[in-house]
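Everything on this sheet refers to the single structure shown next.
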């Protein structure tokens, strides 16, 4: 493959990756996948993973095509599946379509696929080419799926906005706004990439957040910042941040579930109490005292409808493990932790944070609430090291992303 | 001026700016200036400001030239001076040399020059062209000089290495190393750009730092990172960080003075106690108790040689103002504050920090010492806003620089 050919293949794959990125958080427990079909040098169809139970990206793209696909090429961001799940194997559809070559950046980490999809295609005479250059970008998109498959836990993204001196709120609790409008717009974009948003009850008490995606609340200036790509990336090519911003779209395709850890003191007037899908996960000792509260009738309704759920672990770390298990069992694959520092501390103590997405904003507060208030590691070499760090400069604020697990080149 | 011409002029000016940058910290109380002389499209000479009392950049460049300068062009990073100081006016030397055109990025902020240098040249028939595109880069280099001229205070750079969660040491005091080897090499480069380094006595107790520039301690890999320019900038063109890294050199031309605030408990064995130029600035109440210490004979020697100096202010904020006045009066123009968080807190409380240079390193500590432990601002809108933020991605660590005062376009 010569350089120009190679460039062309990577361009199509990047188009598929942007499609996949646009579906992050909307496909759980399936991975978000994108597919592009090219025939005679023209893109003839695209597709991406539908909601669970719906078609996979490959099938969507094949169905979308209005021309005969004999001899066409497909670029798909993950090895096509070869097993019967909620839907028939994608390999069948590809083979039946007459597609001649399938380009993939990586094999499926799902042990029931893991190379068998490729073999199935090859045995049917479909050529399969692995485009290694796009692997890391593809890997980032399936990290939550890998965690889900391998560990039966949700993938947790910890997001914060901090001053340059590492403070997320003043000592009086003021935190609005540390970050710029542009950064806050990125947070709304992030919310559209997860299936669950978790906050602590004190965040609900302090900020009464809605945790929704509200692009319309933002000025044209902020919107244009992204449409005209005024940001600058550093780090590896095709990083999560690059995927996030280059797949920018303001169409909201799904709504993340909101989960509060703990029950706020006064909460019946909060946005989250009023939102039908929002849940409160409450430790046994607090749960046992609820009947003494003045607002018990409201609490009772929420209990009856399953919106207040009890955790049974006695210790904070075990409670977080239990919360993660509950989230996984209730269908969460990509969770964003939005505050506050104490809850982040509990997740840190439980080693439950998989990705950090930290906005550093050009303010100096002098003191205040930290980013994570957990059990500090006594020595530097016991700290958690983050891998695959990338950054984006947002014209003042700097967003840094890093992962607990390094990108692995196998498969 | 057409685009290509303009590019050529800016390239020469950037060469002059790199020369100026290479002299930061070595010229106090004069500004660091660089000059490039071009004749018939060739660089025929360069110069930069010598130590105080020595020649200014323009004169050095003129003396360095081995050819006749009739009709030549000079690129100088600041308006040439027209007044007699320790040395004769640079305008005289320029006029006498036969140089026909002088390119400058900005006027001299020194009120005794402030446009008069340009006028003097013009009246003598020398053309003066202001290259506005390079102004911000030139401005950053003279910020300390502006502070010195206008406020009679040193310009204070606060440098820290922090984990991503805003911690500069574990709760047990471990801080070696949070940052990567490459970042630590940048710190040594930074030390070569200041005339004074300030630390607190507890940093001396905890780390026994030398605060010297020791490029030889670093691996070839780290050195090559800079010589092969593996970093990525974000922010405005010609930012301080860009100047810092693009003027990279490992030749050490001057040694910054070290100042410790407070007297460490046991200190006679520390590197700084042994370094003849290092000083200890001690508050009156501690000073009064020194005669009771076991090591009083050593202390007495240091007092006699002026290495222990007493501050008289009663309150911490006033003490920092006094320290800044003492530093200014003793010839400091560019000070780097290297630790710890409490001392930084005192400087923050005294509103004495002019520039932040924060390394964020891909570690999560969970808790620990903060970046600044001062009097936190109660509300976000009372926080210090930093301007002209730029960043450099160092292959994992991210260095962010920002200023308390915005760049101003006047002059």
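For B:232, A:289, A:172, A:77, which order do you get if you count the other beta carbons within 10 Å of each Cβ and list the fewest first?
A:289, A:172, B:232, A:77
Taking a point 7 Å out from Cα toward Cβ as the label site, list the nm distances between residue B:88 and the same residue in every other copy, smallest first.
Ordered by distance, the counterparts are at 9.6 nm.
Going by C-beta contacts inside 10 Å, put A:364, B:95, B:298, B:371 in order with the fewest on the left.
B:298, B:95, A:364, B:371
I'd like the antiparallel share, as a percent to the nearest 5, of DSSP beta bridges with both residues in the protein assembly as shown.
45 percent
State, to one decimal in nm and shortest first, how far the label point of residue A:382 sits from each corresponding label point in the other identical copies (label point: 7 angstrom along Cα-to-Cβ).
Between copies, matching label points for residue A:382 lie 3.7 nm apart.
If I fit a long axis through the Cα atoms of helix A:3-21 and take the longest principal axis of the Cα atoms of chain A, what angle between them do I get, 0 to 90°, rounded to 10?
The two axes meet at around 40 degrees.
Quick one: if the Förster radius is 22 Å, what FRET efficiency do residue A:321 and residue A:277 give, using the C-beta to C-beta distance and rounding to 0.05?
So the FRET efficiency works out to roughly 0.40.
So for the pair residue B:381, residue A:381, with labels modelled 7 Å out along Cα→Cβ, what separation do we get in nm?
The modelled label-to-label distance comes out at 5.0 nm.
Average projected area of the Cα convex hull of the protein assembly as shown, in nm²?
Orientation-averaged projected area of the Cα hull: 40.9 nm².
Would you please give the FRET efficiency between residue B:292 and residue B:152, computed as 1/(1 + (r/R0)^6) with r the Cβ-Cβ distance and R0 = 41 Å, to the nearest 0.05?
Using R0 = 41 Å, I get an efficiency of 0.65.
Defining a contact as two alpha carbons under 8 Å apart and six or more residues distant in sequence, what relative contact order in percent does chain A show?
Answer for chain A is 19 percent.
At what distance in angstrom do the alpha carbon centres of region A:346-376 and region A:15-86 lie from each other?
Answer, in whole Å: 37.
Using label points projected 7 Å from each Cα along Cα→Cβ, tell me how many nm separate residue B:266 and residue A:172, to one decimal.
About 4.6 nm, to one decimal.
Output the relative contact order of region A:1-79, whole-number percent, from Cα pairs under 8 angstrom with separation of 6+ residues.
29 percent
What is the percent of Cα-Cα separations in region B:299-373 that go past 16 Å?
62 percent
Any idea what angle helix A:316-329 forms with the longest principal axis of chain A, computed on alpha-carbon atoms, 0 to 90 degrees, nearest 10?
Taking Cα atoms only, the helix is inclined about 40 degrees.
Could you give me the percent of Cα pairs per 10 Å distance bin for region A:1-141, shortest bin first, beginning at zero and ending with the bin that holds the maximum distance?
Bins of 10 Å from zero give 13, 49, 34, 3, 0 percent of pairs.
Just want the ordering: A:163, A:221, B:255, from fewest to most Cβ atoms lying within 10 Å of their own Cβ.
Ranking A:163, A:221, B:255 by Cβ neighbours within 10 Å, fewest first, gives A:221, B:255, A:163.
Can you pull the mean other chain C-beta count within 10 Å for peptide B:381-392?
That average works out to 6.
Per-residue Cβ counts within 10 Å, from other chains only, averaged over B:336-348: what number is that?
1
Explain nothing, just the number: relative contact order of region A:70-175, from Cα pairs under 8 Å at least 6 residues apart, as a whole percent.
Relative contact order for region A:70-175 comes out at 23 percent.
Take the Cα coordinates of chain A, assign each an equal point scatterer, and use the Debye formula without solvent to give log10 I(q)/I(0) at q = 0.08, 0.12 Å⁻¹.
Here log10 of I(q) over I(0) equals -0.46, -0.98.
Any idea what the residue B:123 label distances to the other copies are, label 7 Å down the Cα→Cβ vector, nm, shortest first?
Here residue B:123 shows inter-copy label distances of 9.5 nm.
For peptide B:395-406, how many partner chain Cβ atoms fall within 10 Å of a residue's Cβ, on average?
The mean count of partner-chain Cβ atoms within 10 Å per residue comes to 3.
Given the DSSP H assignment, sum -39500 (n - 2.57) over each helix run of at least 4 residues in chain A and divide by its residue total; what's the result at 222 nm in deg cm²/dmol, nearest 500?
Helices in chain A give a 222 nm mean residue ellipticity of -9500 deg cm²/dmol.
Mind pulling the angle between the C-alpha long axis of helix B:135-151 and the longest principal axis of chain B? Nearest 10 degrees, somewhere in 0 to 90.
60 degrees
In Å, what Rg and Dmax follow from the Cα atoms of region A:250-395?
17.7, 51
Quick one: which of B:101-109, B:205-213 comes out on top by average Cβ neighbours within 10 Å, and what's the full order, highest first?
Most protected by this proxy first, the peptides run B:101-109, B:205-213.
At what distance in angstrom do the alpha carbon centres of region A:169-204 and region B:320-342 lie from each other?
One Cα centre to the other: 37 Å.
Where a number appears in this text, it was derived from the coordinates with a stated rule and is not lab data. Given the structure is predicted, the values throughout are model-derived calculations rather than measurements. Here Cβ is always computed from backbone atoms with ideal geometry, including for glycine, and neighbour counts include all displayed protein chains.
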